[in-house]
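*Asks:* Just passing along the structure, written as structure tokens.
The values are calculated or read from the model by the stated rules, or taken from the named source; none is laboratory data. Just so it is clear, the model here is predicted, and its values are computed rather than measured. So basically every Cβ, Gly included, is an ideal-geometry build from the backbone, and we count neighbours across all protein chains shown.
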Amino acid sequence: MIDDSGYVVSVVLVMGAVTFGLRALPFVASQWLLKHPLVQRLGQFLPLAIMALLLVHSVVGAAREDALGPWPELLAVALAMLFQWWGKNALLSIIIATVVYVLIRNMHLL
């Protein structure tokens with residue numbers, strides 16, 4: 001056990017300074033980041049990739065938990081894709097797919 005309170009205070013201050021520096025770094029480097037081609041490319045690609053990974057993860061996880069298998073999830077994803085392609089309205093696509101998915105899950109329609 002360390003009884004040196006000066007040591008403990010200095011460790012807390014250093015940890016606070018490092019944390020503050022890490023939080024402030026993106027704001028300090030924002031002008032450089034906005035102009036860098038790698039950051040611009042990641043800004044175009046990463047949101048879609050993250051959403052696709054979350055979708056696959058949730059569909060696989062839900063399919064493992066239920067006796068119905070992956071069919072309710074796959075149907076909801078297919079409906080969302082169909083309505084997005086047809087209507088070009090993301091909110092409508094999400095609402096319709098969610099309602100169908102909830103109905104299938106709660107009423108055991110499949």
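*Asks:* When the range 32-71 is examined, which residues are found to be closer than 29 Å to His108 by Cβ, at pLDDT below 85 and either in contact with a strand residue (DSSP E or B) (Cβ under 7 Å, 6 or more places away or on another chain) or surrounded by 11 or more Cβ atoms within 10 Å (Cβ to Cβ) (or both)?
*Replies:* Within the range 32-71, Leu55, Ser58, Val59, Val60, Ala62, Ala63, Asp66, Leu68, Gly69, Pro70, Trp71 qualify.
*Asks:* Moving to a separate point now. Output the residues belonging to the range 72-110 that are touching a residue at least 24 places away in the same chain (Cβ under 8 Å), surrounded by 15 or more Cβ atoms within 10 Å (Cβ to Cβ) and not hydroxyl-bearing (Ser, Thr, Tyr).
*Replies:* Pro72, Glu73, Leu75, Ala76, Val100, Ile104, Arg105
*Asks:* May I pose another question? I need the full set of residues from the range 78-107 which are of a type in the set (Val, Ile, Thr) and in contact with a Leu (Cβ under 7 Å, 6 or more places away or on another chain), in order please.
*Replies:* Passing the criteria: Ile96, Val100, Ile104.
*Asks:* Still on this model: Which residue, of Ala63, Ala24, Ala17, Ala49, is in contact with a Pro (Cβ under 8 Å, 6 or more places away or on another chain) and hydrophobic (A, V, I, L, M, F, W, C)?
*Replies:* Going through Ala63, Ala24, Ala17, Ala49 in turn, just one is in contact with a Pro (Cβ under 8 Å, 6 or more places away or on another chain) and hydrophobic (A, V, I, L, M, F, W, C): Ala63.
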